[in-house]
Amino acid sequence: MVEPNLGQKSKELFERAKRLIPGGVNSPVRAFQPYPFFVEKAKGAKLYSVDGASYIDYCMAYGALLLGHGYEEILEPVREQLNRGTIYGAPTEIEVKFAELLSEIYPSIEMLRLVNSGTEATMHAIRLARGFTGRKKIIKFEGCYHGAHDSVLVKAGSGAAWFGAPNSLGVPEETARNTIVLPFNNIEALEETMKAMGNEVAAVIVEPVIANSGLIMPRNGYLTRLRQLTRDYDVVLIFDEIVTGFRLALGGAQQYYGVKPDMTTLGKILGGGFPLAVFGGRKDIMENIAPMGKVYQAGTFSGNPVSVAAGYAVLNLLHKKCGEIYTKLETKCERLAKALKDFIEDYEIEAQVNNIASMFQIFFTDKPVIDYASAKTANTQKFYCYFNGLLAEGVFIPPSQFETCFLSTAHTEDDINATIEAFNKALKTVKECG
Ligand SMILES: Cc1ncc(COP(=O)(O)O)c(C=O)c1O
């Protein structure tokens, strides 16, 4: 197997980091064997390491960047804001303008709160759903990841699946008991559960397209049926669009599939590279948040003007350019996915490629990947060979089978051509790594 030499400086920094930072990283998905490269800077579609290497980036900060790294039209308003102060502890005009534009783009979001991370957004959305309905249970789906808090760290995807902790230690059994986990894309399981205990369920939370167990799309009609059932039992339907928001379409999965949730969580792309997330939805639900209502939620850095300046620039940019951006991204993604499929056939490798909009992932399995169980049949050793093969060719993808690759508008035709060449070489190594 090719094990690329990522550079002496990265190696040494990782050794130093491990002494003080568990696993050497500040988020588990960033660690990989033998050591990750350390980044010095990034621009457009490229990451530049402290060892002088450059990588075409398909991680895009785990989907947080749609316009690439260091996008000037986002940085300008951020610089302007920095000159006026970084945080006030008092409201600003831009928060109001941001909320107005976001609600126009996502009509299901009649009211919203700004927070700093996706984890916060889903945590507050779930508490609010519980407060609103007076019910305790929630339903989530196997392999969906909704952040790192107790109610949702049950059969979770992303790093939790990769590092073998889908059910994290430290989550009290009493809490986990209130989280019902169902297989994704299985209408019967959903119907049966709703019939048995729908009246005790506060919320169903779902990634409408799962991007945290590799990439898994909903079957035709699945989300529509989910909408009907949740409505029948007065259960709050939360679309966790932290990845799919602004990614599948400007208006996210709810626009793409034409299904309107009661509540939505957004993050990642929303902040233009800064920590910013949102939970919002029906007015009658959101009005229960303090100081209007009795569900408590607060945050010192919530709606901080630097993140909001970046977020407002992103909203305006995407709102203006969405007509051209999304079709172009999809065309680029289709090209990459087709190249992967062709090489798999040429080299007679048992693998699947899932792709939608500007996301794609390969699974080294002979089974179509439609849920967590089928994703888990993938051969992770082969994935590791593929990942390393790509790194050796200057292409960086998320280092786990249970993540997704993301394109940005900054990826050029030359980047795509170079990536296809790298796919070719990396898949050859997969054939050899057995
Ligand atoms: C669908 C989804 N929800 C929630 C989160 C948590 O967001 P954050 O990492 O910003 O806390 C993530 C992060 O990857 C995610 O993919």
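Worth pointing out:
- When the residues Asp51, Asp414 are ordered by accessible surface, computed with a 1.4 Å probe over the protein chains alone, the sequence from largest down reads Asp414, Asp51.
- With the simple spin-label model, which puts each label point 7 Å out from Cα in the Cβ direction, the Ile87 to Leu101 separation comes to 2.4 nm.
- Long-range amide H partners of Val236 with built H, under 5 Å: Ala203, Val204
- Environment charge at Thr377 (Cβ cut-off 9 Å; Lys +1, Arg +1, Asp -1, Glu -1): +1
- Between Ala61 and Thr327, residue separation times 0.36 nm minus the direct Cα-Cα distance comes to 93.6 nm.
- Peptide packing: for 248-255, 37-44, the average count of neighbouring Cβ atoms within 10 Å per residue gives the ranking 248-255, 37-44, highest mean first.
- Summary of packing: across the peptides 240-246, 15-21, the per-residue average of other C-beta atoms within 10 Å ranks them, highest first, as 240-246, 15-21.
- Alpha carbon centroid spacing (whole Å) that separates region 407-434 from region 151-211: 35
- Region 304-434 - percent relative contact order, Cα under 8 Å, separation 6 or more: 25
- In the chain, helices alone account for a calculated mean residue ellipticity at 222 nm of -13000 deg cm²/dmol, with every DSSP H run of four or more residues adding -39,500 (n - 2.57).
- Judged by the mean number of other Cβ atoms found within 10 Å, the most tightly packed of the peptides 354-365, 64-75 leads the ranking 354-365, 64-75.
- Within the chain, the selection of entire DSSP H helices by a Cα span of 20 Å or greater along the long axis and an average Kyte-Doolittle value of at least -0.5 returns 118-133, 305-346, 413-433.
- Considering only Cys322, Cys385, Cys333, the mean-square fluctuation computed in a Gaussian network model of the chain, springs between alpha carbons under 10 angstrom, is largest for Cys322.
- Efficiency of FRET between Thr224 and Glu15 - r from beta-carbon atoms, R0 51 angstrom, step 0.05: 0.45
- Compactness relative to 2.2 N^0.38 Å, alpha carbon Rg of region 188-265: 1.07
- Ratio of the Cα radius of gyration of region 72-318 to 2.2 N^0.38 Å, where N counts its residues: 0.99
- Note on Asp346/Lys283: beta-carbon distance plugged into 1/(1 + (r/R0)^6) with R0 of 51 Å gives a FRET efficiency of 0.40.
- The relative contact order of the chain comes to 22 percent, based on Cα pairs under 8 Å that sit 6 or more residues apart.
- Antiparallel %, DSSP beta bridges [both residues in the chain], to 5: 60
- By DSSP, the beta bridges lying fully in region 72-318 are antiparallel in about 40 percent of cases.
- For the chain, diffusion coefficient by Stokes-Einstein and Kirkwood Rh (Cα), 10 °C, 1.306 mPa s, µm²/s: 71
The values are calculated or read from the model by the stated rules, or taken from the named source; none is laboratory data. A quick note: this is a predicted structure, and the numbers were derived from the prediction, not measured. Reconstructed Cβ throughout: ideal geometry from the backbone, glycine too, with neighbour counts over all protein chains shown. Side chains included, ligands, DNA and RNA excluded: accessible areas come from the protein's heavy atoms. Shrake-Rupley method; radii C 1.70, N 1.55, O 1.52, S 1.80 Å.
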